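**Student:** Let me begin by handing over the structure; questions about it come next.
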Amino acid sequence: MIEDELIKIWQSSSEQERIKFEKSRLMIELQSSLGRLHRWWKYLELVEFISVIIGIISFAFVVYWVPFTTAKIASILIIVLGIITLTKILGVNKTKPSNLEENYLKHLKKTKVYLEAQKKLLETYFYWGILPLFPIMLLFLFDFWEIPEKRTIIVISYLLTIAIGLYGYFLNKRRVKNEIEPRIAKVDALLAELKG
């Protein structure tokens, strides 16, 4: 009964009112979707921040305690790579739109820039964050190869580094495809709708 009344109201409403309703529905759906993405991105930042801080502290101890020169050099390089990772991830926040924008259209444009910055970071992370780690880990493990009892652990450690790197690569590709690109498409559709 209520459904019939709603259908009659919908059919009796003008085309302009229907368009306004569709726009507001699209806005609400997009804001909900972006809210989930923003919470996920904050979680990702937190996990990366904690991981990098633990890594920096751990490798700082390695620089001090391990007697091998190549391991010390590799540890310093890992610390530098961790700092670069933090600055790049936290640098994406510079493009984050505030909720105090002058109008909704500017907010959407800044949201698109923010989403594209996230997409670029995730797509390029393998090249600047993971690939440099492979030779650094070889350098780190180089002097340990002299100890025959440690060779199995060295091989396993290096293979584990490669596996984790490849997992991160495919995970980021999936996140871009399933999380970020659909939201960019929604923002583009809503921008076209608002401009039209």
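The values are calculated or read from the model by the stated rules, or taken from the named source; none is laboratory data. None of the values given here were measured: they were computed from a predicted structure. For neighbour counting, all protein chains shown are included, and Cβ atoms are generated from backbone atoms with ideal geometry for every residue, glycine included. Just the protein is used for accessible areas: all its heavy atoms, side chains included, with ligands, DNA and RNA removed. Shrake-Rupley method; radii C 1.70, N 1.55, O 1.52, S 1.80 Å.
**Student:** Of (1) open to solvent by less than 60 Å² (accessible area, probe 1.4 Å); (2) modelled with pLDDT under 85, E15 satisfies all except one. Which?
**Tutor:** (1)
**Student:** Is it the case that some residue within region 130-149 is open to solvent by 60 Å² or more (accessible area, probe 1.4 Å), within 21 Å of E45 (Cβ to Cβ), over 13 Å from the mean Cα position of the chain (by Cα) and free of Cβ contacts under 8 Å to residues at least 24 places away in the same chain?
**Tutor:** no
**Student:** Collect the residues in region 58-92 that are without any contact (Cβ under 8 Å) to a residue 12 or more places away in the chain and either outside any helix (DSSP H, G or I) or at positive phi (or both), keeping them in residue-number order.
**Tutor:** Answer for region 58-92, where residues must be without any contact (Cβ under 8 Å) to a residue 12 or more places away in the chain and either outside any helix (DSSP H, G or I) or at positive phi (or both): V66, P67.
**Student:** Among the residues of region 62-103, what is the count of those that are farther than 17 Å from P135 by Cα, surrounded by 14 or more Cβ atoms within 10 Å (Cβ to Cβ) and over 20 Å from the mean Cα position of the chain (by Cα)?
**Tutor:** 4
**Student:** Going through region 133-147 one residue at a time, which ones are at pLDDT 90 or above and more than 15 Å from G165 (Cβ to Cβ)?
**Tutor:** Once the filter is applied, which keeps residues that are at pLDDT 90 or above and more than 15 Å from G165 (Cβ to Cβ), region 133-147 yields only L139.
**Student:** Any idea which residue in region 26-42 is modelled with the lowest pLDDT, counting only those that are loosely packed, with under 11 Cβ neighbours inside 10 Å and of a type outside the set (D, E, K, R)?
**Tutor:** I28
**Student:** Now for a separate question. For I57, all conditions in the list (1) surrounded by fewer than 16 Cβ atoms within 10 Å (Cβ to Cβ); (2) under 17 Å from the mean Cα position of the chain (by Cα) hold save one; what is the number of the exception?
**Tutor:** Looking at each condition in turn, I57 falls short on (2).
**Student:** Continuing with the same structure: Here is a list of conditions, (1) farther than 24 Å from V66 by Cβ; (2) open to solvent by 40 Å² or more (accessible area, probe 1.4 Å); (3) within 18 Å of the chain's Cα centre (by Cα), and K106 meets all of them except one; can you say which number that is?
**Tutor:** Every condition holds for K106 apart from (3).
**Student:** Can you work out which of the residues in region 161-196 that are basic (K, R) and over 16 Å from the mean Cα position of the chain (by Cα) is most open to solvent (accessible area, probe 1.4 Å)? If you could, list the steps in order and put the result at the bottom.
**Tutor:** Going residue by residue through region 161-196, those that are basic (K, R) are 173-175, 177, 183, 186, 195.
This time we only want the ones that are over 16 Å from the mean Cα position of the chain (by Cα), so: 186, 195.
On the way: K186: 91, K195: 132 Å².
The selected residue is K195.
**Student:** Confirm whether A185 is closer than 21 Å to E48 by Cα and at pLDDT 90 or above.
**Tutor:** No, not satisfied.
Residue-by-condition table, conditions (1) in contact (Cβ under 8 Å) with a residue 12 or more places away in the chain; (2) in contact with a Cys (Cβ under 8 Å, 6 or more places away or on another chain); (3) assigned to a helix (DSSP H, G or I); (4) closer than 24 Å to G55 by Cβ:
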| residue | (1), (2), (3), (4) |
| --- | --- |
| L108 | yes, no, yes, no |
| Q118 | yes, no, yes, yes |
| I153 | no, no, yes, yes |
| Y169 | yes, no, yes, yes |
